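Asker: Sharing a structure below in structure tokens format, with a few things to ask.
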Amino acid sequence: MKTYPITAAEYLEAEKTAEVKREFVNGYVYAMVDASRRHNLLTVSLATLLNTHLQGTGCQVFVYDMKVRAGGKNDTMFFYPDVMVACSHPSDKTPKDSYVEETPKLIIEVLSPSTEQHDRLSKLATYTQIASLEEYLLVDQQDMLVDLYHRSGEQWQLTQLRNGDQLVLSSVGLELPVADIYQEVIGVV
């Protein structure tokens with residue numbers, strides 16, 4: 001890969017054979033960090049719950065190997081969300097790039113100590129500029145705690161939920177106890 005900055009096209013092509021996943025922010029690439037056991041278990045739990053719920057709906061669940069194009073009209077960014085849901089309609093055309101999702105309805109990030117600030121600030125600001133995005137869910141891996149950002153018109157509203165609360169993902173029509181997300185993770189270090 002050439003020295004920085006690089007074009008989005010160069011990044012996308014290089015990423016197909018890269019040994020380490022990297023995210024792209026306006027010409028610069030950043031290597032991603034490894035995920036812990038808890039992080040992986042939470043990601044699989046969320047993807048499984050969503051995939052089971054969405055079977056036969058035309059919606060697709062993607063996990064950490066699918067990039068999302070994000071940012072405003074003056075930005076070009078590509079991230080690897082932990083979990084993402086996109087719903088196609090019969091009139092939708094074949095995606096421009098089979099490695100990139102451009103119209104997600106739901107994005108989920110499992111928080112890690114090394115990435116939490118980035119997920120809560122930079123990614124929140126970037127993801128909420130995606131016109132199709134309806135919800136952004138942040139899942140804590142240490143405590144049964146989730147933060148749900150939900151689009152309400154042009155504004156985003158935050159709801160914090162804990163163990164005992166009911167999580168309602170309106171974007172995909174799923175309602176479940178917060179504890180269900182953590183069911184296979186309790187006691188895992």
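No lab work stands behind these numbers, since they all come straight from the coordinates. Nothing here was measured: the structure is a model prediction, and the numbers come from that model. Note that we place each Cβ from the backbone using ideal geometry, even for glycine, and neighbour counts take in every protein chain shown.
Asker: What is the number of the single condition among (1) more than 17 Å from the chain's Cα centre (by Cα); (2) farther than 17 Å from Ala47 by Cβ; (3) not basic (Lys, Arg) that Gln129 does not meet?
Answerer: With (1) more than 17 Å from the chain's Cα centre (by Cα); (2) farther than 17 Å from Ala47 by Cβ; (3) not basic (Lys, Arg) applied to Gln129, the lone miss is (1).
Asker: Quick check, is Ala35 assigned to a loop (DSSP other than H, G, I, E, B) and surrounded by 15 or more Cβ atoms within 10 Å (Cβ to Cβ)?
Answerer: yes
Asker: Here is a follow-up. Looking at Leu124, Leu137, which one is closer than 20 Å to Met66 by Cβ, in contact with a strand residue (DSSP E or B) (Cβ under 8 Å, 6 or more places away or on another chain), of a type outside the set (S, T, N, Q) and in a helix (DSSP H, G or I)?
Answerer: Only one candidate qualifies: Leu124.
Asker: Something else now. Scan Asp147, Asp143, Asp119 and give me the residue that is acidic (Asp, Glu), surrounded by fewer than 17 Cβ atoms within 10 Å (Cβ to Cβ) and either in contact with a Cys (Cβ under 9 Å, 6 or more places away or on another chain) or without any contact (Cβ under 8 Å) to a residue 40 or more places away in the chain (or both).
Answerer: Asp143
Asker: Within the stretch 150-189, which residues are in contact with a Lys or Arg (Cβ under 8 Å, 6 or more places away or on another chain), assigned to a loop (DSSP other than H, G, I, E, B) and within 12 Å of Leu46 (Cα to Cα)?
Answerer: Across the stretch 150-189, the qualifying residue is only Val185.
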